[in-house]
Amino acid sequence: MTPYLVEPWAWQESWDRQQEAYMPDREHRFTAMLDALDAVLDRRPPRLLDLAGGTGTISLRALARFLDAEVTLLDLDPALLAIAGASLGDRAEIVTADLGTPEWRSALPHQEYDGVLTATALHWLPGDRLGQLYAEIRDVLRPGGIFVNADHMPDDALPELTKRMTGRARERRQARYATGSMLSWSDWWARAGADPTLAPLVAERHAIYPTGHSPEWAPAVSWHVKTLTEAGFTEVGTVWRGGSDAAVAAVR
C-alpha cells in the first residue's frame, strides 16, 4: 500500500464510517447517552469525562449539543488520541491514562464531573477490573452525576433471539466489507499504519498492545446493573437498546 498523508478530519470521518459498519445504530446510542446527561444538568453547562474516548466521537457530539461544555477525553491509544487532538483542538483537555489500573484518576484535571460517558470500549477489560472501575467512576462523579456505558450487553431474556440477530448483523457487515462500501477494523488500521504521520503512533500502539486487546468480555445487561448497584450508585437501568447492545445509566 502506498503511504499517504490524510487530513485529521478525514481520519475522524473514516473512523466513524468504519465503526458504523459494525454498529449501524451507533448515533442512536450517542443521542440516548447525551439525553441522559442532559436530564441531570438542570440546564447548566456540563463538565464531561469522555472515558476511553478514542478519536473523540462522544466529545465532538457533546460539544455540538452543549456549546459551553467542559470536556476531558481520556484514552491510552496514541494513534486515536492524535486524531482526537487534531479534531478537538483546544475545545477539550486530552489525557493519556490506562484504565487497567486505579491510577488513571490521577491524570484527570478535575475531581468531579457531571457525567462520565463511554461507548464500545470497556468490554476489553476483564470482569474483576471492570467491577473495580465502576466504583472508581462513581468517585469522580458529583452527587447526582451520571455514568452511561453503551456496549455489547445481551438481553438475558432473549438468548436465542439475540444470537440470531447477531448472526444476521454479522452477515450484513460482511456484505458491506465484500463490496468495499465500508472498511473493516483491520483494514482501517492497515491504512492508518501506512500514513506517514500516524505510522509511528500505530507502531507505538502495537507496542502497548502486543497481542491486541484482552479478549472481549460481554456479560448480559443484568451483570452491569447488578455491579453498578453494588458500586454504590443510587439508580441503575437501561436507557437504550439496539440488538445485542445496550446503554446502561447509573446515577450517583
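The values are calculated or read from the model by the stated rules, or taken from the named source; none is laboratory data. All values derive from a computational prediction rather than experimental measurement. Here the Cβ positions follow ideal geometry from the backbone for every residue, glycine too, while neighbour counts run over all protein chains shown. Each accessible area value is taken on the protein alone, full model and side chains, heavy atoms only, with ligands, DNA and RNA left out. Shrake-Rupley method; radii C 1.70, N 1.55, O 1.52, S 1.80 Å.
Would you be able to tell me the number of residues in the range 122-146 that are over 14 Å from L228 (Cβ atoms) and small (G, A, S)?
1
If I go through the range 195-213 residue by residue, how many of them are in a loop (DSSP other than H, G, I, E, B) and under 24 Å from E7 (Cβ atoms)?
Just the residues of the range 195-213 that are in a loop (DSSP other than H, G, I, E, B), to begin with: 195-198, 209, 211, 213.
With under 24 Å from E7 (Cβ atoms) added as a condition, the list becomes 195-198.
Result for the range 195-213: 4.
What strands (runs of 3 or more DSSP E) lie completely within the range 1-117 and have 2 or more residues being open to solvent by 60 Å² or more (accessible area, probe 1.4 Å) and modelled with pLDDT of 95 or more?
Working: elements: 47-51, 70-75, 92-96.
The qualifying strands (runs of 3 or more DSSP E) are 92-96.
Among (1) open to solvent by less than 30 Å² (accessible area, probe 1.4 Å); (2) in contact (Cβ under 8 Å) with a residue 24 or more places away in the chain, which single condition is W217 missing?
All conditions are met except number (1).
Tally up the residues in the range 199-210 that are open to solvent by 80 Å² or more (accessible area, probe 1.4 Å) and touching a Phe, Trp or Tyr at 6+ places or on another chain (Cβ under 9 Å), please.
Looking only at that region, the number is 0.
Among (1) open to solvent by 40 Å² or more (accessible area, probe 1.4 Å); (2) assigned to a strand (DSSP E or B), where does G237 come up short?
So G237 meets the others, but not (1).
Condition first: aliphatic (A, V, I, L, M), within 24 Å of the chain's Cα centre (by Cα) and open to solvent by 40 Å² or more (accessible area, probe 1.4 Å). Now tell me which residues in the range 145-198 satisfy that.
Kept after step one, since they are aliphatic (A, V, I, L, M), are these residues of the range 145-198: 146, 148, 150, 153, 157-158, 161, 165, 169, 175, 178, 182-183, 190, 192, 194, 198.
Among the residues that remain, those that are also within 24 Å of the chain's Cα centre (by Cα) are: 146, 148, 150, 153, 165, 169, 182-183, 190, 192, 198.
Listed by number, the residues that qualify are M165, M182, L183, A190.
Given the condition in a strand (DSSP E or B) and either open to solvent by 20 Å² or more (accessible area, probe 1.4 Å) or at positive phi (or both), answer yes or no: does some residue in the range 121-136 qualify? Before the answer, list the steps.
Let us first name the residues in the range 121-136 that are in a strand (DSSP E or B), namely none.
Looking for residues that are in a strand (DSSP E or B) and either open to solvent by 20 Å² or more (accessible area, probe 1.4 Å) or at positive phi (or both), one finds none in the range 121-136, hence no.
Only one of H213, H224 is at pLDDT 95 or above and under 29 Å from T238 (Cβ atoms). Can you tell me which?
Details: H213 fails: at pLDDT 95 or above.
Of the residues listed, the single one that is at pLDDT 95 or above and under 29 Å from T238 (Cβ atoms) is H224.
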